[in-house]
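Here's the structure we're looking at; comments come further down.
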Amino acid sequence: MSVLDLLQERGFIKQLSHADEIARLLDEEKITFYIGFDPTADSLHVGHFIALMLMSHMQKAGHRPICLIGGGTGMIGDPSGKDEMRKMLTGDFIEHNAACFKRQMSRFVDFEDGRALMVNNADWLLKLNYVDLLREVGVHFSVNRMLTAECFKKRWEKGLTFFEFNYMIMQSYDFWKLNRDFGCVMQLGGDDQWSNMLAGVELIRRKEQRPAYCMTCKLLTTADGRKMGKTEKGALWLDAEKTSPYDFYQYWRNVDDGDVENCLALLTYLPMTEVRRLGALKDARINEAKKVLAFEVTKLVHGEDEALKAQQAAEALFGQAADLSTVPVTEVGPQALTAKIVDVLTAAGLFSSKREARQLMVQGGLTVGGSVVKDPEACFAPQLFDAEQSLLIRKGKKKYFRLVVKA
């Protein structure tokens, strides 16, 4: 099976710039490709997960990845999908973040002996002369065409600065530079980058009269279109200091039933026959698939030892309450799906007062769906509840309750 067939079978591919040419190219040659990462934080998050897996599958098929750190573009910020201008970053901040990225990427990509490269576009973008850039690259861009790009359309109401309008040109310049210096012929990335990626392809084809391609992958979303990776504490980070391996494991253990097969296909290396078998499990048996998903994903990001610890901790936590028929049931209304945890549990009689609830939470004594919740201002989220709209609550060390939402 070609790598393109594999990626399509697992559900990665969204759009291809030149489908037939790309199919032949990946089947007949070993290419150099790149994916860009803007260093806006000191850790990658779950939104980068598909890009990391995409790189990994391509490298395993013999192709060479370039991980491009946006040290230069990060000083401007990509307007794609944003309602307002991003914060500008400093050089020291970007350098630190790039080093953190490489450590995390090394779990997915082999950088030894030049099998993968990490480069920073600050190395060339910050040295550019603006007039030279306009003469060398700007003449190949149509403003009319740029204004039709989806990444700019979303910004019309609040205004799009000329500062950000240059982002597409800078990203295209990156592709041209990598093509010229490293023989890079393809850019990969999330589908929200399609307009920027296509502009780079067209720049190389116009300026150099040689082939260049781009391929976009799905964004990591739930079955109903919501972005995955948001928790009560914020983003789901790949750094263990920001999101513990246990909390990371529990996130995947608690995904919606309808998202399990998609996550197994995109975020693990399990054969597709096993992915389909697990994804077809129904009702209570789907928990078997969720346990496999949680373990495999945690193993990839944090290593097998941490995955085993997280798995064992989860089983120990819920061991006494494995038979949910023995757990007291407390019914709540549908408003509980997004209400404050303190308010819901106090109103349901699980605490005598909000003060008692807050005190236990601050002390780390309240577990909701497998995660310790310490923030008294935290709210429930619909994705915490299972298909039967129930959620296991642990108060203290041994008191379990099953919260069930009734219409």
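The values are calculated or read from the model by the stated rules, or taken from the named source; none is laboratory data. Everything numeric here is computed off the predicted structure, so don't read it as measured data. A quick note on method: Cβ atoms are made from the backbone with ideal geometry, for glycine too, and the neighbour counts reach across all protein chains shown.
Of note:
- Hey, E388 in a loop (DSSP other than H, G, I, E, B), in contact (Cβ under 8 Å) with a residue 12 or more places away in the chain and of a type in the set (D, E) or not: yes
- Residues in the range 26-40 that are farther than 26 Å from M168 by Cα and either surrounded by fewer than 23 Cβ atoms within 10 Å (Cβ to Cβ) or more than 26 Å from the chain's Cα centre (by Cα) (or both): D27, E28, E29, K30.
- Of the strands (runs of 3 or more DSSP E) lying entirely inside the range 1-79, those containing at least 3 residues that are under 25 Å from F101 (Cα atoms) are 32-37, 64-69.
Residues are listed down the side, and each one gets a yes or a no for (1) among the aromatic types (F, W, Y); (2) free of Cβ contacts under 8 Å to residues at least 60 places away in the same chain; (3) at negative phi; (4) part of a strand (DSSP E or B):
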residue	(1), (2), (3), (4)
G225	no, yes, no, no
A240	no, no, yes, no
Y246	yes, no, yes, no
V260	no, yes, yes, no
C263	no, yes, yes, no
L266	no, no, yes, no
L270	no, yes, yes, no
T273	no, yes, yes, no
R276	no, yes, yes, no
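- Residues satisfying the stated conditions in the range 108-142, i.e. of a type in the set (D, E), modelled with pLDDT under 90 and farther than 18 Å from F175 by Cα: none
So that you can scan it fast, the table gives a plain yes or no per residue for (1) touching a Gly at 6+ places or on another chain (Cβ under 7 Å); (2) closer than 30 Å to Y269 by Cβ; (3) modelled with pLDDT under 85:
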| site | (1), (2), (3) |
| --- | --- |
| M58 | no, yes, no |
| A61 | no, yes, no |
| I69 | no, yes, no |
| T73 | no, no, yes |
| I76 | no, no, yes |
| G81 | no, yes, yes |
| R86 | yes, no, yes |
| H96 | no, no, no |
| C100 | no, yes, no |
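- Of the candidates A357, A348, A336, the single residue that is touching a residue at least 24 places away in the same chain (Cβ under 8 Å) and either more than 14 Å from F401 (Cα to Cα) or not hydrophobic (A, V, I, L, M, F, W, C) (or both) is A336.
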